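The values are calculated or read from the model by the stated rules, or taken from the named source; none is laboratory data. Model, not experiment: these values are computed from the prediction. Note that each Cβ is placed from the backbone with ideal geometry, even for glycine, and that neighbours are counted across all protein chains shown.
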Amino acid sequence: MAAARKIIIDTDPGQDDAVAILLALASPDEIEVLGITAVAGNVPLNLTATNARIVCELAGRTDVKVFAGADRPLVRALRTAEHVHGDTGLNGPALPSPTMPLQDRHAVDFIVDTLRHEPVGTVTLCALGPLTNLALALEQAPDIAPRIDHVVLMGGAYFEVGNITPAAEFNIYVDPEAARAVFACGAPITVMPLDVTHKALTTEPRVTAFRDMGTPVGRAVAEWTDFFERFDKEKYATPGAPLHDPCVIAWLIRPDLFSGRFVNVEIECDSDLTRGMTVADWWGVTDRTPNATFIGDLDADGFFDLLTTRIARL
């Protein structure tokens with residue numbers, strides 16, 4: 001068996017972020033979580049750093065190190081999403097405040113130091129929120145870019161258009177300058193845009209499968225889903241809500257569940273109309289060099305089978 005893939009999860013939990021973290025922690029044969037870095041996004045940094053520790057404690061993994069990072073985008077005011085995730089970011093189940101400590105190092109320093117000290121090409125960065133921490137790390141230490149094994153991120157949209165503006169997906173919109181820096185860094189990048197995550201819908205039978213586990217983790221996942229899906233079901237008139245962020249972790253474990261294209265992706269930062277848009281050259285109509293694998297489809301049943309099988313372990 002191949003060695004577990006070493007990852008850093010950069011995140012702004014968020015209920016779907018929480019499920020992604022649980023999937024990673026439930027998959028030790030494939031994934032070794034070196035640390036979790038929190039960034040401001042769905043809710044402010046103090047809450048995302050707290051939420052990451054709540055999820056680790058729920059999974060019984062108080063050994064995982066959690067670091068707080070950027071509390072605002074590189075050049076913009078922070079835009080948050082309490083209208084989707086609730087005032088804590090993890091509204092739904094009643095979970096206790098964490099007792100495990102927040103590490104006293106900055107998330108960006110942890111990212112830089114880890115990439116410098118682990119062997120070249122062995123650390124994957126899994127970005128579930130705005131890309132501010134990753135951009136700051138690349139700015140502070142350009143030498144880490146060729147050391148990155150892979151960047152796998154949830155963000156962007158092309159055929160599905162935007163979810164926070166008509167053109168932009170939330171994570172990219174919050175800090176488009178950070179996204180531009182990450183997409184230009186030269187590391188291998190795989191993108192989970194809304195085009196694929198909107199196919200990972202939490203239908204009633206899929207949520208029931210979590211609830212029927214009869215475990216604290218299964219109940220929490222079901223109750224998180226009950227809370228946040230109300231927003232997307234009304235918005236999109238779908239039978240469930242997209243589980244965006246777990247697609248990042250699922251791709252690491254079962255890439256065969258996903259398909260996409262290696263294309264050029266550029267980030268619009270200047271236009272008031274389309275700021276944060278991920279301009280994916282899906283049809284190859286420019287001469288711009290491909291820089292990312294843009295995922296467009298997944299086997300949704302296989303995805304939820306993986307998710308329920310693994311989360312039942314916790």
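Below is a table of values for the structure above.
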read-out: Scope segment 31-51; condition touching a Phe, Trp or Tyr at 6+ places or on another chain (Cβ under 9 Å) and in contact (Cβ under 8 Å) with a residue 40 or more places away in the chain; matching residues; value: 34, 35, 37, 38, 41, 42, 49
read-out: Checklist (1) part of a strand (DSSP E or B); (2) on the phi > 0 side of the Ramachandran plot applied to residue 261, failing item; value: (2)
read-out: Residue 226 vs. criteria among the acidic types (Asp, Glu), assigned to a helix (DSSP H, G or I) and at pLDDT 95 or above; value: no
read-out: Segment 177-201, residues that are over 17 Å from residue 167 (Cβ atoms) and either at pLDDT below 95 or in a strand (DSSP E or B) (or both); value: 189, 190, 192, 201
read-out: Members of segment 237-255 that are within 26 Å of residue 152 (Cα to Cα), surrounded by fewer than 22 Cβ atoms within 10 Å (Cβ to Cβ) and modelled with pLDDT under 95; value: 240
read-out: Criterion violated by residue 227 - all others in (1) over 21 Å from residue 11 (Cα atoms); (2) surrounded by fewer than 22 Cβ atoms within 10 Å (Cβ to Cβ); (3) aromatic (Phe, Trp, Tyr) satisfied; value: (1)
read-out: Residues being among the hydroxyl-bearing types (Ser, Thr, Tyr) and closer than 14 Å to residue 61 by Cβ - total across segment 1-33; value: 1
read-out: Residue among 94, 52 that alone is in contact with a Ser or Thr (Cβ under 9 Å, 6 or more places away or on another chain), of a type in the set (A, V, I, L, M, F, W, C) and under 26 Å from residue 241 (Cα atoms); value: 52
read-out: Filtered residues of segment 114-172 (kept if among the basic types (Lys, Arg) and surrounded by 18 or more Cβ atoms within 10 Å (Cβ to Cβ)); value: 147
read-out: Condition check for residue 151: under 24 Å from residue 304 (Cα atoms), aliphatic (A, V, I, L, M) and in a helix (DSSP H, G or I); value: no
read-out: Some residue of segment 278-285 being in contact with a Gly (Cβ under 7 Å, 6 or more places away or on another chain), crowded, with 19+ Cβ neighbours inside 10 Å and either under 20 Å from residue 164 (Cβ atoms) or at pLDDT 95 or above (or both); value: yes
read-out: Residue satisfying condition, being charged (D, E, K, R) and closer than 23 Å to residue 215 by Cα, within set 72, 61, 79, 5; value: 61
read-out: Any hit, segment 54-68, residues being in contact with a Pro (Cβ under 7 Å, 6 or more places away or on another chain) and either of a type outside the set (A, V, I, L, M, F, W, C) or under 15 Å from residue 171 (Cα atoms) (or both); value: yes
read-out: Within segment 1-30, tally of residues that are in contact (Cβ under 8 Å) with a residue 60 or more places away in the chain, touching an Asp or Glu at 6+ places or on another chain (Cβ under 7 Å) and surrounded by fewer than 24 Cβ atoms within 10 Å (Cβ to Cβ); value: 2
read-out: Condition check for residue 270: at pLDDT 95 or above, loosely packed, with under 15 Cβ neighbours inside 10 Å, charged (D, E, K, R) and within 29 Å of residue 76 (Cα to Cα); value: yes
read-out: Matching residues, segment 177-221, being in contact (Cβ under 8 Å) with a residue 12 or more places away in the chain and of a type in the set (Asp, Glu); value: 177, 195, 204
read-out: Subset tally (residues that are under 15 Å from residue 195 (Cα atoms), in a helix (DSSP H, G or I) and of a type outside the set (A, V, I, L, M, F, W, C)) for segment 234-258; value: 2
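So that you can scan it fast, the table gives a plain yes or no per residue for (1) in a helix (DSSP H, G or I); (2) more than 23 Å from residue 16 (Cα to Cα); (3) out of contact with any strand residue (DSSP E or B) (no Cβ under 8 Å at 6 or more places or on another chain); (4) not acidic (Asp, Glu):
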| residue | (1), (2), (3), (4) |
| --- | --- |
| 111 | yes, no, no, yes |
| 116 | yes, yes, yes, yes |
| 136 | yes, yes, yes, yes |
| 145 | yes, yes, yes, yes |
| 163 | no, no, yes, yes |
| 172 | yes, no, no, yes |
| 210 | yes, no, yes, yes |
